[in-house]
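Single-structure report; data block below.
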Ligand SMILES: Cc1cc2nc3c(=O)[nH]c(=O)nc-3n(C[C@H](O)[C@H](O)[C@H](O)COP(=O)(O)O)c2cc1C
């Protein structure tokens with residue numbers, strides 16, 4: 001039997017399939033099902049810095065008519081925020097008590113701020129690691145890329161200073177020099193980076209001419225960008241690179257591992273096919289390893305990373321000329 005065990009941000013895991021933050025990691029029942037189904041670790045549904053602040057403001061608005069004192073405003077705002085944090089702490093505490101696999105708390109933040117306080121409380125309750133989901137859309141034409149990246153690095157620096165358990169960042173791909181940014185995360189001593197988050201995107205309903213939300217669930221073909229960047233960077237940084245988005249099968253997971261990913265995160269496939277689909281993925285991974293004579297994950301992980309290829313250009317311009325020539329012949 002092949003040994004599927006690995007590590008994730010330095011934590012031992014029984015296999016490299018990790019449940020990504022999402023609806024399935026938002027309740028204790030579901031977390032238990034994920035563990036029973038065989039996942040190696042779970043990342044809890046994110047607590048949203050923005051949402052907490054917004055709820056605090058909504059509570060204030062609702063209480064406006066009967067609050068006559070400025071201290072009262074602060075009290076209502078803080079109480080509403082505390083309720084959300086308490087609910088999250090309850091989920092984390094339950095998960096830590098009931099699960100044997102690593103439980104990672106996730107914070108969705110958009111600036112250096114109060115969320116650091118939540119992180120400390122999650123660590124006190126036993127969170128095995130913290131995943132920071134940094135969500136910023138560079139939509140301001142006045143702001144230079146350099147400025148945005150400086151802000152992000154500042155946030156990472158503050159986080160690293162106060163988070164003394166493994167820390168990972170979950171990021172999008174829209175940066176002007178992603179390779180440079182990933183290298184700079186190394187200087188900040190993070191333990192892992194999840195490539196890439198899949199943000200909610202807008203779409204348009206042309207019948208009613210209104211803005212809607214694009215498909216929430218990923219498709220099985222969406223892993224190409226992740227694969228490229230894992231392949232390019234896995235040997236350039238000391239931390240773990242974790243593959244995410246569009247990983248719906250063992251075959252895709254194997255590709256990511258060959259490119260150098262330490263593990264993969266799954267969300268859409270578990271929502272679409274059910275959590276038990278992970279059993280098939282684990283079985284398929286074992287069959288593949290056996291067929292190719294690999295006893296454990298490290299025996300093949302990173303085999304196709306850029307550094308180990310004589311010419312790493314395949315990861316940058318994959319068969320570009322060949323494709324162009326083929327297209328011309330059509
Ligand atoms: C309904 C839904 C809710 C999600 N909520 C979160 C969240 O709270 N925090 C987070 O970091 N990612 C969240 N995600 C993103 C997933 O963790 C994952 O990164 C993304 O869906 C891409 O992976 P996939 O292709 O396996 O779905 C959510 C995804 C979905 C579909």
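The numbers here are math on the coordinates, done by the rules we state, and not lab data. In this text the structure is predicted, and so the values were computed from the model without any measurement. Note that each Cβ is placed from the backbone with ideal geometry, even for glycine, and that neighbours are counted across all protein chains shown.
Values as computed for the structure displayed
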item: Packing-based order for 221-232, 276-287, using average beta carbon neighbours within 10 Å, highest first; result: 221-232, 276-287
item: Degrees between helix 320-329 axis and first principal axis of the chain (Cα, 0 to 90, nearest 10); result: 70
item: Potential extension, residue 28-residue 186 segment - 0.36 nm per residue separation minus Cα distance; result: 53.5 nm
item: Least to most buried among 249, 168 (fewest other Cβ within 10 Å first); result: 249, 168
item: Helix axis angle, 178-187 relative to the chain longest principal axis, alpha carbon, degrees; result: 70
item: Relative contact order (%) - region 6-329, alpha-carbon pairs under 8 angstrom, separation at least six; result: 16
item: Fewest-first sequence of 134, 110 by Cβ atoms within 10 Å of each Cβ; result: 110, 134
item: Helix-derived mean residue ellipticity, 222 nm - over the chain, DSSP H n ≥ 4, -39500 (n - 2.57), to 500; result: -13500 deg cm²/dmol
item: Two-decimal ratio, region 6-329, of alpha-carbon radius of gyration to 2.2 N^0.38 Å; result: 1.07
item: Rounded to 5, percent antiparallel among DSSP beta bridges of the chain; result: 20
item: Cut-off 11 Å (backbone N to label point 7 Å along Cα→Cβ of residue 327), residues of region 173-197; result: none
item: Rounded tilt (10° steps) of 277-291 against the dominant C-alpha axis of the chain; result: 30
